[in-house]
Ligand SMILES: NC(=O)c1ccc[n+]([C@@H]2O[C@H](COP(=O)([O-])OP(=O)(O)OC[C@H]3O[C@@H](n4cnc5c(N)ncnc54)[C@H](O)[C@@H]3O)[C@@H](O)[C@H]2O)c1
Ligand SMILES: O=C(O)[C@H](O)[C@H](O)COP(=O)(O)O
C-alpha cells in the first residue's frame with residue numbers, strides 16, 4: 001500500500017467516491033479545472049472524454065498512469081504518452097450494451113413511426129468492434145440483412161464477411177457508424193462521411209451516428225439531408241461538442257447529447273476498469289476485481305409484461321425496448337435546451353440495460369422467446 005500516490009479524478013465519474021481513499025490521496029475536480037497546474041504533483045489521472053491528455057496538460061507533471069472510464073481514447077495523445085513513458089488504459093466494451101440499447105430504441109422507434117418492416121431491410125455497419133458486433137447480433141436476431149465494413153479487422157482476419165465501404169453505401173437502407181475517431185493513417189475516420197461519401201447514396205437512407213461527431217462532416221451531412229439523401233437522421237454525437245450546430249439539430253429525427261453509452265451499468269463497468277487497473281499499476285492493496293456494490297434502480301418496474309397476441313415480433317420488441325429506455329425523453333431535453341448539453345450529461349437519469357429486466361410473455365411462442373433471450377433480457 002502506498003499512501004503517497006496522488007490521483008486527480010474527474011468528479012463526474014460515478015461510483016468512484018470513497019473507493020480509493022483508504023489507499024491513496026485523491027482529489028475530484030470538474031473537467032474544466034483539470035489543468036497542468038493542478039497536476040504538478042499528481043501521479044495519476046482518472047478522466048472522461050472531456051480531458052484532453054496531451055503535452056499541454058501533462059508536460060512537467062509527475063503523471064505516470066492515466067485511466068479513462070470510456071472506450072474512446074481520441075482525447076489521449078498516445079504518441080506523447082509513449083514518448084514520456086506514461087501508461088494509459090481505457091475500458092473497452094464497458095458501455096457497448098448501453099449503445100446497443102440506444103441503437104435498438106432509435107431504430108425501432110423510427111421504424112414504428114414510419115411503418116418500416118425491419119426484417120425486409122439491409123443495415124450497413126461501419127466499424128465492427130465491441131459495439132458494432134452487438135449491433136450485428138441484434139440486426140441478425142430480428143432478421144435483417146447485414147453488411148459489415150471494418151478494414152482493420154478484414155486485414156487481420158482475412159475474412160470474407162466484410163465488404164468495401166462503397167458496396168455497403170450502395171446496398172444498405174440503414175447505415176450506422178461504430179468506428180473510433182482516427183485522425184490520420186490508413187484507417188482514418190475523421191470526416192469519413194464527407195461530400196464524396198454522400199455522393200454515392202443511390203436512395204434515401206436512415207443514418208445513425210453514435211461513434212464520434214468528427215466522423216461525419218457537418219456541412220456535408222446537412223446538405224445530404226436537404227437533398228433528401230437521408231430519410232431519417234439519428235445523432236448522439238456531434239462535431240464540436242458541446243457547442244453543437246443548431247441547424248443540424250433541427251434536421252434530425254432523434255437527437256441526443258452523447259449519452260448512448262450512459263447506462264448506469266456502462267458507467268459502473270468503466271469505473272471498475274479504471275479502479276482495478278490503477279490498483280494493479282500502483283499496487284495499492286485494494287481487493288482484485290472491485291465492482292460497485294450497488295447500481296441504482298431505474299424509475300420503472302423491473303418486470304415487463306407483454307401480451308403477444310396479434311402482435312408482430314417487431315412490435316413486441318419495440319414495446320420491450322421502450323419499457324427499458326425512452327429515447328424521446330433525451331431527445332426532448334436536448335431540443336428544449338441546446339445550451340445545456342454538458343449539464344444534461346452530468347445529470348443523466350438512471351438507465352439500466354436489457355439484462356436488468358425480467359420479461360413475462362402472455363401468449364408467447366418459441367421464436368419470440370428465443371429472440372428476447374438473444375437480446376439479453378431475462379425471460380420469466
Ligand atoms: N455515444 C456514446 O456514448 C459512445 C459509447 C461507446 C462508444 N462510443 C464510440 O463508438 C465507437 C465504437 O466503439 P467500440 O467500443 O465498438 O470501439 P471498438 O474499438 O471496440 O471498435 C471499433 C471498430 O472499428 C474498426 N475500425 C477502425 N477504423 C475503421 C475504419 N476506418 N473503417 C471501418 N472500421 C474501422 C476497428 O477495427 C474496430 O473493430 C468509438 O468511436 C467509441 O468512442 C460512443
Ligand atoms: O467513449 C465512450 O466510452 C463514450 O463516448 C462515453 O459515453 C463518453 O462519455 P464521457 O467520458 O464523455 O462522459
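What follows is calculated from the coordinates using simple rules that are stated; it is not laboratory data. Because the structure is predicted, anything quoted here is derived from the model rather than measured. Cβ: placed from backbone, ideal geometry, glycine included. Neighbour counts: every protein chain shown.
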(request) Based on other C-beta atoms within 10 Å, arrange 17, 205 from fewest to most. (result) 17, 205
(message) If you average the alpha carbon positions of region 244-270 and of region 1-61, how far apart do those two centres end up, in angstrom?
(response) 25
(request) Could you work out how far apart the two model spin labels at residue 346 and residue 38 are, taking each label as a point 7 Å from the Cα in the direction of the beta carbon, and quote it in nm? (result) 1.2
(message) What is the distance in Å between the Cα centroid of region 272-331 and that of region 68-121?
(response) 15
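Please report the relative contact order for region 1-148, taking Cα pairs under 8 Å with a sequence separation of at least 6, and give it as a percent rounded to a whole number. Could the numbers behind the result be given before it?
Working: 225 pairs, mean separation 23.1, N = 148.
Contact order relative to length: 16 percent.
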(message) What FRET efficiency comes out for residue 220 versus residue 280 if R0 is 41 angstrom and r is the Cβ-Cβ distance? Round to the nearest 0.05.
(response) 0.40
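Take every Cα pair under 8 Å in the chain that's 6+ residues apart, average their separations, divide by the length, and report that relative contact order as a whole percent. Before the final figure, lay out each step's value.
Numbers: 701 pairs, mean separation 58.2, N = 380.
Relative contact order comes out at 15 percent.
For a Förster distance of 45 Å, can you work out the FRET efficiency between the beta-carbons of residue 365 and residue 332, rounded to the nearest 0.05?
Values: r = 36 Å, r/R0 = 0.79.
For R0 = 45 Å, the calculated efficiency reads 0.80.
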(message) Give the separation of the Cα centroids, region 357-380 to region 124-148, in Å.
(response) 20
(request) Please give the calculated 222 nm ellipticity per residue for the chain, where each DSSP H segment of at least 4 residues contributes -39500 (n - 2.57) and the sum is spread over every residue; nearest 500 deg cm²/dmol? (result) -10000 deg cm²/dmol
(message) Give me the extension gain from residue 29 to residue 194: residue separation times 0.36 nm, minus the current Cα-Cα distance, reported in nm with one decimal.
(response) 55.7 nm
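Can you put 157, 319 in order of Cβ neighbours within 10 angstrom, beginning with the fewest?
Numbers: 157 11, 319 17.
Placing the least packed residue first, the sequence is 157, 319.
What is the fewest-to-most order of 48, 351 by other Cβ atoms lying within 10 Å of their Cβ? List each step's numbers first, then the result.
Details: 48 17, 351 24.
Going from sparsest to densest Cβ surroundings: 48, 351.
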(message) Using a Gaussian network model on the chain with a 10 Å cutoff between Cα atoms, which of 27, 343, 315 fluctuates the most?
(response) 343
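If I stretch the segment between residue 227 and residue 302 completely, what's the gain in nm (0.36 nm per residue apart, minus their alpha carbon distance), one decimal?
Values: separation 75, 0.36 × 75 = 27.00 nm, distance 4.37 nm.
My answer for the length gained is 22.6 nm.
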(message) When a/c reaches 1.5 or more, the comparison of a/b and b/c decides; with that in mind, is region 329-375 rounded, prolate or oblate per its Cα gyration tensor?
(response) prolate
(message) Averaging the inverse of every distinct alpha carbon separation and then flipping it gives the Kirkwood radius. What is it for region 96-255, in angstrom units?
(response) 15.7
